[in-house]
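Peer 1: Let me give you the structure first, and then I'll get to my questions.
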């Protein structure tokens, strides 16, 4: 099984697919990228030529049905994740889909049900990249009860990606494409859930500060449909309290961070060019950054895990569809709470 040949078809050879997935697959023996389909015939031809992919398809459905494809990598925007996943599984193909898992919880649950009805096929969602490097070290601290009893969590995703309202409408601001998720809420929450218990209740408020953005190719302005700022109060398992603040309109914002505060100590994880872990314990006067030893330093291995699961060498851990549905349920609850201006209990 370890030498099983696996032929990959790419639906959507976007930036992350080019940066991570294609090099990742090509680093594994007996794995070939045999086909590609992009949004237009021109972009498909360009991707095939630039990336040296032998087969090109003007329609992604034909790629999914191709006998030259064993597994499908879905690198499109979220609006196609559900449809393409269902088609690939029905065609007997393994599936690795880019995060966000889907536009909303209903689509995510349909994907999970399809995967469960094809247990012989591997179905994986690309995990949040945050915390992969420092995750084992943070887990060891938590398992050694460094914090004592966890009391509070702060999740921050604050930057200026949408601060300049003269810039064109981004696909993440289009609900038809992006769905329910807001900014980096889903991926930071997913990272947090690797370390602490699940949420039991959320209360969210959100807003759009700049309601219109230009659409240059259509010579018009369009409405921004996805909030560019959200605040969330949450109750996690065992009474832990959490605050989430996501914003894309904060000039000189602090970036992405996760803080965990306990009865005996504190941990802060800063997601910068490299992941920084800062800790402080009772009796100390200030927090200090730790050097994560090599044996506790994780890494990106999404493609290895996908191929390993196909070959029967390992299970999918980051992430199976159940994990994807869990964070989609959280983002759905946040959206519902903001719409209703009321707390929403989990699970939905």
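Bear in mind these aren't lab numbers, they're just calculated from the coordinates by the rules spelled out. This is a predicted model, so every value here is computed, not measured. Cβ atoms come from the backbone with ideal geometry, glycine included; neighbour counts cover every protein chain shown.
Peer 1: Which residue, 59, 159, 221, has the most motion in a Gaussian network model of the chain that connects Cα atoms within less than 10 Å?
Peer 2: Answer for the Gaussian network model of the chain: 221.
Peer 1: Tell me, what is the percent relative contact order of the chain, built from C-alpha pairs under 8 Å that lie six or more residues apart?
Peer 2: Here the relative contact order equals 20 percent.
Peer 1: When the helix-only estimate is applied to the chain (DSSP H runs of n ≥ 4, each -39,500 (n - 2.57), divided by the residue count), what is the mean residue ellipticity at 222 nm, nearest 500 deg cm²/dmol?
Peer 2: -8000 deg cm²/dmol
Peer 1: Another one. What percent antiparallel are the DSSP beta bridges of the stretch 135-298, to the nearest 5?
Peer 2: 85 percent
Peer 1: Of all beta bridges DSSP finds with both residues in the chain, what is the antiparallel percent, to the nearest 5?
Peer 2: 65 percent
Peer 1: Helix 41-51 versus the longest principal axis of the chain: what is the Cα-based angle in degrees, 0 to 90, to the nearest 10?
Peer 2: With rounding to tens, the tilt is 80 degrees.
Peer 1: Let me ask you something else. When a/c reaches 1.5 or more, the comparison of a/b and b/c decides; with that in mind, is the stretch 175-333 rounded, prolate or oblate per its Cα gyration tensor?
Peer 2: Cα axes put the stretch 175-333 in the oblate bin.
Peer 1: If each residue of separation counts as 0.36 nm, what is the full-extension length gain between residue 200 and residue 220 once their alpha-carbon separation is subtracted?
Peer 2: Taking residue 200 through residue 220 to full extension adds about 3.0 nm, to one decimal.
Peer 1: Taking only Cα atoms, what is the 0 to 90° angle, nearest 10, from helix 105-116's long axis to the longest principal axis of the chain?
Peer 2: Result, in degrees: 60.
Peer 1: While we're looking at this one, here's another question. Counting other C-beta atoms within 10 Å, which of 76, 274 has the fewest, and how do the rest follow?
Peer 2: 274, 76
Peer 1: Label points 7 Å out from Cα along the Cβ direction at residue 288 and residue 15: separation in nm?
Peer 2: If labels sit at residue 288 and residue 15, their model points lie 3.8 nm apart.
Peer 1: To the nearest 10 degrees, how steeply does helix 321-340 sit against the main Cα axis of the chain, on a 0 to 90 scale?
Peer 2: 60 degrees
Peer 1: Further question: If every alpha-carbon in the chain counts as one equal scatterer, what log10 I(q)/I(0) does Debye give at q = 0.08, 0.09, 0.13, 0.15 1/Å?
Peer 2: Debye output, listed in q order: -0.42, -0.53, -1.09, -1.36.
Peer 1: At a 10 Å Cβ-Cβ cut-off, how would you order 311, 289, fewest neighbours first?
Peer 2: Neighbour counts put them in this order, fewest first: 289, 311.
Peer 1: Hey, another quick one. Does the stretch 244-348 classify as rounded, prolate or oblate by the C-alpha gyration tensor (a ≥ b ≥ c root eigenvalues; a/c under 1.5 gives rounded; else a/b over b/c gives prolate, otherwise oblate)?
Peer 2: Because a/c hits 1.5 or more and a/b fails to exceed b/c, the stretch 244-348 counts as oblate.
Peer 1: Starting from the Cα gyration tensor of the stretch 88-224, take the square roots of the eigenvalues, sort them a ≥ b ≥ c, and report rounded, prolate or oblate (rounded when a/c is under 1.5, otherwise prolate if a/b is larger than b/c, else oblate).
Peer 2: The shape class here is oblate.
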